[in-house]
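Undergrad: Before I ask anything, let me first share the structure, which is written out below as structure tokens.
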Amino acid sequence: MNLWIRLAGKELLRNRRFSLFFIINLSIGLVGFISLNAFNHSMETHLKNNLKEILTADMAVYSSRPLTPPEENIIDTVLGPQRHTARQITFFSMISGNGISRLARIVAIDDAFPLYGSIQFEDHLPVLNTKNSSKPGHSTLNGPTPTAWISRDLAVVLNVKKGDLLGIGSQKFQLDGIITATPTGAVTSLELAPVIHIGISRLKETKLLGFGSRIRYTRYDRLPLGTDIQQITKNLRTSLLPLFEGEPQINVYNSEDVNQNLGRVFGYFTGYLGLVAIVALFLAGIGTAYLFRGYLNERLKEIAILMSLGAARLQTYALLLCQVMLLGLGATLVSVALSFVVLPLFPEVMKGLIPPDFKAIINPGTLGLAVFMGTLGSVIFCLPVFVRIHNLKPLVLLQGNSPFQRASSDTQIPKRWGPFKMPTKQRSLLFISFIPGGVAFWGMAMAQTRSMERGTLFLAGFIAVFGLMALIGRGLLILAGRCLRTHRVIPGIALRNLFRHKHASISCFVTIAMGAFLINVIPQVKNGILDEIRQPRGLRIPGFFLFDIQPEQLGPLKKFLKEKQLKLTNASPLVQGRINTVNGAGFYEGMNDRKSTFLSKFQQKKSPETGTGLRGNFRRKNFTFSWREKLDASETMVKGRPLSNTPWDFESNQPFEVSLEEGFARRFHLEIGDIMGFDVQGIALEGRVVNLRKVRWNSFQPNFFILFQKGVLDEAPRTFLASIPQISAAEKMPLQNAIIGKFPNISVLDVNQTVAQLMDITQRLTLSINFMAWLAILAGLVVLYSIVRHETRTRAWEINLLKVLGAGFSDIRRIILFEFGILGTTAALFGILLSLGVSFGISWFFFGRLWHFHPGYTLFSLGALSMISMLTALMAAYRVIRQKSMGLLKSI
Amino acid sequence: MKNKAILTVSHIKKAYPQAGAIPLTVIFDTSFEIYPGETVAVTGQSGSGKSTLMALLAGLDSPDTGSIVLNDRNINSMNEDRLARFRAEHIGIIFQQFHLMPHLTAAENIMLPLEILKYKKKEIQDRTGRVLEQVNLTHRESHLPSQLSGGECQRVAIARALVVKPTLLLADEPTGNLDSDTGEQVADLLFDLVTASGMTLIVVTHNKTLAGRCQRSLALKKGQLQ
């Protein structure tokens, strides 16, 4: 075996250029994959190690109302006497400080919070309890004076410092500390509004807990070490069910649920990135196989010599395998080294979306996977090429039998060994050799998407795109063949070269087209979404979005705004209630029996609300209902008839009319004509679905999944949502301050700030996806380089002949430029056209037709890819072009 | 002449299929025997079947009918791997184009068949040193083929063929790629070494001078022995 390793090493060293290209090519393909895997693994490890800290407890019970004594009793009994309990109440409200107001998330905590982890302050001082109060530190929030802790961001926005007063509702709180990290904020700092912590005992003094405020009450419990948390969770859920007659109003979570939820969110994102990384790896694989094919052509003679000296065929395979694996290992090392550069970029790109203290590292598992993929992957990529030596016999070394004497120094495999002219057995072997690659690709797609269905769908889509591009490439070559009779020399020769080297031309075409497709499809989708968020077509996004408006405040608020020459728009009532039944069956239980389409099934899979299993008993049944005189500009009826303008008669014994948002109807398999049973504040009501609406949520206007007929909710307790049209930036803060000065319980959301935040996140996520896409392009360019280099070397004698016949270096250069200019431009064009089609499809399917054509980026990528293709080809062919014809003649 | 033939070729026939045409027969019903220590030239014009016969004798190709028995072993009945091993042990081949491994030095090229046959390191070194001396290339042992002249390359190829001490040495136009002076020197060396070692040599050539140095000639014409 030593002999073969030594021979393999010597040959690779002698063919440094090939070895280098092989390693660079494969490492480009691997780097995205390895970085992503390391990021995923680091994230999983981080979450796993910090689950309790993220939840701040072993278990949490969430409710939209205070827990009742019977509920508390059941929880206490199930969890046992050795538990430690903490409580938290959260809601959104306006806060003010230093003459500036801001929407904030109020987090009211008791002194036991957090049960795991700790709150970190800018001054690094601890929270003091009564025993160590003489030391420097932060007083508890439930002490004798009202105090608050806020984040650094909020302190900057409000321009406040320690000791300043902050207004929350009717109470003033002294700022006691600036928080740098909280256990709950350990996962993501992405929030609709910044957080302010106050004591739970101070909440009443704010007078913010009015009717209709959307408040979340949380009870946290820490259990003794060694407790089976999953079993306790199961027991608690089961014990609570009888209280709600099988329809619970509270949710029980443990740290595993947190892990699943977070894992799912990151899974979607990294899954998509992973798929792009697979494409990059695949393109790199094509390049690898092409490079190896060229190398093998040159090595055939040496393999034949070894066989003539007594080497068994298996030993020659072993020699080549050894070489491929050594190169794969080299590529792995390079890609791991590159990953050290790429990996730190992930936390930067995803800043705000991942834990601030998160560090991505390359762990031994990733390293092992990298070595496995580098070595085995390179073998899989090169496997089809191995078939070419299956019929090689040392006979070719004899005078008169040698194919090596036919052409240049670049030895050719005889035509009878070409893939399409092989004997049946060899052709079968060739097809079999593709199977491991196909299976590996499929497996990787399934692993990335964490779903067999989606992985298969991706593979099918990929094959379809690949096949389509190959067909288009072939069609264009046929077209090129018809143009061969052109009288212009350079285009004629270039087209002939393309036409007569079909496999190389199609490989280049498909590779560039795939790259063009990848770098265009995501930006096209993103641009459409961003345009729509920034400025929805035909709509004006409001300046402020107001919520928690009490009915008695509606009139004064309108009057107040009128005095400032402003108008309160789209004031919409908001009533909380539940959906109990649909067509007589339970809302969730009967869902599978209801009519469903492929689309709804797909949407259902995406929705965590419709999950199954134990958690299924705790699925959402509380919804918000509203009604309105006429539809808003941001919504259109897409099916059915409008809601009746006649107020519903409670005594009529007829179901009232219901309008549903089309996505909501699809997700829960609801159709026009379905009878829905509701519970509104304890009153059972029945409604019939009469229409479906399409809502443009990006309008930032008050909109609802479920609208009732006029008159149904007239007597129900409610709050209002409303909006205020755009005003100048200078007017915003004074208006916001004035509103909360007069109506402290009303929350005001600055829509522009939210839009900016959404756009920032979208941009950053797109950036990371585009990074992978550009990796794919880079891999594609290496493929192009490898192919062109190989082709120009095999055509060296032809180029030489042209020179002998009078063609200058510039003519040869123009031929190459024309040939690969045509190839690059048409491939990029068709890749871009396909990306436009697919991005339109994605936008239509997932984002409700939010698709805008951006000619700037499209034209840029078309031009850039054409130029890059030409330059790459020129670089690859440079050596042959610059060689003197005498030197080339010698090689014939 | 010895009594027992070292190589017995019996009624071999070889034809190559041709696309859309009847197979082209290159060797017709051919039989002959070669005895130990003999030097035999296979001569004939281009296309007479010399190289095909050489390929069949070396076990690089197999006849359609008939048998080739070397050292009492029918080489046509062996599978590919056994034949490769048998060839390594019993047949030395010298090619017209030398066919040295370009990335190995002269000494490494000579060592290669011994390494394939898994000889012990010391024996490999001893044998290599000896044959390098025999072909007068000790001073060039660490040179790559690209640093050697044509004559030196062919001497390395001869050394490589001789190093395993084969029963049969096959040479395919061994001086065909060399100028006449160098060719003569290489031929002298080849015949001296063969004579000294008592090996059996079959030379395929259309060079009459080279053929004349052999004890016997087999003339091929259109695939048949004359």
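Undergrad: Report, largest value first, the span of the C-alpha coordinates of the protein assembly as shown along each principal axis, in whole Å.
TA: 127, 73, 55
Undergrad: Taking the Cα centroid of segment A:320-346 and of segment A:285-311, what is the distance between the two, rounded to the nearest whole Å?
TA: Segment A:320-346 and segment A:285-311 have Cα centres separated by 23 Å.
Undergrad: Let me ask something additional. Order the peptides A:541-550, A:637-646, A:6-15 from the highest to the lowest mean number of other Cβ atoms within 10 Å of their residues.
TA: Per-residue Cβ counts within 10 Å, averaged per peptide and sorted highest first, yield A:541-550, A:6-15, A:637-646.
Undergrad: On a straight-distance basis, which aspartates and glutamates could pair with A:LYS567 in a cross-link, Cα separation under 15 angstrom, same-chain partners fewer than 8 positions away excluded?
TA: Those aspartates and glutamates meeting the cut-off are A:GLU731.
Undergrad: While we're looking at this one, here's another question. With all pairs of different alpha carbon atoms counted, what Kirkwood hydrodynamic radius in Å does segment A:623-719 show? Don't skip to the end; give the middle numbers.
TA: Details: mean 1/r = 0.0732 Å⁻¹.
Final number for the Kirkwood radius of segment A:623-719 is 13.7 Å.
Undergrad: If you don't mind, there's one more thing I want to ask. Pairing the Cα long axis of helix B:180-197 with the longest principal axis of chain B, what angle in degrees results, from 0 to 90 and rounded to the nearest 10?
TA: The angle comes out near 90 degrees.
Undergrad: Taking the Cβ of A:ILE724 as the centre, find all other residues whose Cβ is under 13 Å away and add up their charges (Lys, Arg: +1; Asp, Glu: -1).
TA: +4
Undergrad: Can you give me the long-range amide H partners of B:ILE94? Hydrogens built in the peptide plane at 1.01 Å from N, cutoff under 5 Å, separation of 5 or more residues or another chain.
TA: B:LEU170, B:ALA171, B:ASP172
Undergrad: Taking amide H positions as placed 1.01 Å from N in the peptide plane, with prolines and chain starts having none, which residues 5 or more places from A:GLN726, or on another chain, fall under 5 Å of its amide H?
TA: Residues meeting the criterion, in which the H sits 1.01 Å from N, are A:GLY543.
Undergrad: Please work out the Cα convex hull volume for segment A:37-117 and give it in Å³ per residue.
TA: It comes to 172 Å³ per residue, whole-number rounded.
Undergrad: Separate question: Within 13 Å, Cβ to Cβ, of A:PHE656, how many net charges do the neighbouring residues add up to if Lys/Arg are +1 and Asp/Glu are -1?
TA: -3
Undergrad: Would you pull out the residues with amide H under 5 Å of B:SER217's amide H, same chain only if 5 or more places away, H placed 1.01 Å from N?
TA: Result for B:SER217 returns B:ALA41.
Undergrad: Could you work out the mean count of beta carbons from other protein chains within 10 Å of each residue's beta carbon in B:91-103?
TA: Average neighbour count from other chains, rounded to a whole number: 5.
Undergrad: Binned at 10 Å from 0, what are the whole-percent values of the Cα-Cα distance distribution for chain B, short to long?
TA: The distribution over chain B is 8, 33, 36, 19, 4, 0, given as percents.
Undergrad: With only Lys, Arg, Asp and Glu charged, each at its Cβ (+1 for the first two, -1 for the last two), find how big the charge dipole of the protein assembly as shown is about the Cα centre; round to the nearest 20 debye.
TA: Dipole about the Cα centre, nearest 20: 2660 debye.
Undergrad: Which whole-Hz couplings ³J(HN,Hα) result when phi for each residue of segment A:569-575 is put into the Karplus expression 6.51 cos²θ - 1.76 cosθ + 1.60, θ = phi - 60°, listed in order with x for Gly and Pro?
TA: Karplus-based 3J(HN,Hα) across segment A:569-575 equals 10, 6, 5, 10, x, 9, 10 Hz.
Undergrad: Other chains near A:709-715: what is the mean number of their Cβ atoms within 10 Å of each residue's Cβ?
TA: Mean number of neighbouring Cβ atoms from other chains: 0.
Undergrad: Where Lys and Arg each count +1 and Asp and Glu each count -1, what net charge lies around B:SER31 among other residues with Cβ under 14 Å from its Cβ?
TA: 0
Undergrad: What is the projected area of the convex hull of the Cα atoms of segment B:1-120, averaged over all directions, in nm²? Display every interim value, and only then the final one.
TA: Numbers: hull surface 40.4 nm².
Directional mean of the projected Cα hull area for segment B:1-120 stands at 10.1 nm².
Undergrad: How about A:LYS207: which aspartates and glutamates have a C-alpha closer than 17 Å to its C-alpha, ignoring those fewer than 8 places off in the same chain?
TA: A:ASP548, A:GLU552
Undergrad: Ranked from highest to lowest mean number of other Cβ atoms within 10 Å per residue, what is the order of the peptides B:29-40, B:140-151, A:294-305, A:569-580?
TA: Values: B:29-40: 17.3, B:140-151: 15.2, A:294-305: 21.2, A:569-580: 19.4.
Ranked by mean Cβ neighbours within 10 Å, highest first: A:294-305, A:569-580, B:29-40, B:140-151.
Undergrad: Continuing with this model, one more query. Which residue, B:CYS153, B:LEU83, B:ILE124, has the largest displacement toward the positive end of the dipole of chain B when charges sit on each Cβ (Lys, Arg +1; Asp, Glu -1)?
TA: The Cα lying farthest towards the positive end belongs to B:LEU83.
Undergrad: Could you sort the peptides A:491-500, A:225-234 by per-residue average Cβ neighbour count (10 Å cutoff), highest mean leading?
TA: Values: A:491-500: 19.9, A:225-234: 13.4.
Ranking, from highest mean packing down: A:491-500, A:225-234.
Undergrad: Among A:LYS48/A:LYS359; A:LYS172/A:LYS742; A:LYS393/B:LYS122; B:LYS13/B:LYS165; B:LYS14/B:LYS50, which pairs are too far apart, with a Cα-Cα distance over 22 Å?
TA: Those over the limit are A:LYS393/B:LYS122; B:LYS13/B:LYS165.
Undergrad: Pull up the DSSP beta bridges for the protein assembly as shown and report the antiparallel fraction as a percent, rounded to 5.
TA: 70
Undergrad: On a C-alpha basis, how far is the centre of segment A:686-735 from the centre of segment B:68-85 in Å? Whole number, if you could?
TA: Taking the Cα centre of each part, segment A:686-735 and segment B:68-85 sit 91 Å apart.
Undergrad: Here is a further query. Once each part is reduced to its C-alpha centroid, what is the distance from segment A:9-83 to segment B:123-142 in angstrom?
TA: Segment A:9-83 and segment B:123-142 have Cα centres separated by 62 Å.
Undergrad: Of A:SER786, A:SER839, A:GLY117, which is farthest on the positive side of the dipole of the protein assembly as shown, counting Cα position, with +1 on Lys and Arg Cβ, -1 on Asp and Glu Cβ, and the Cα centre as origin?
TA: So the residue furthest toward the plus end is A:SER786.
Any read-out appearing in this document is the output of simple, stated calculations on the displayed coordinates, not a laboratory observation. Computed from a predicted structure; not experimentally measured. With ideal geometry, Cβ positions are generated from the backbone for all residues, glycine too; neighbour counts draw on all protein chains shown.
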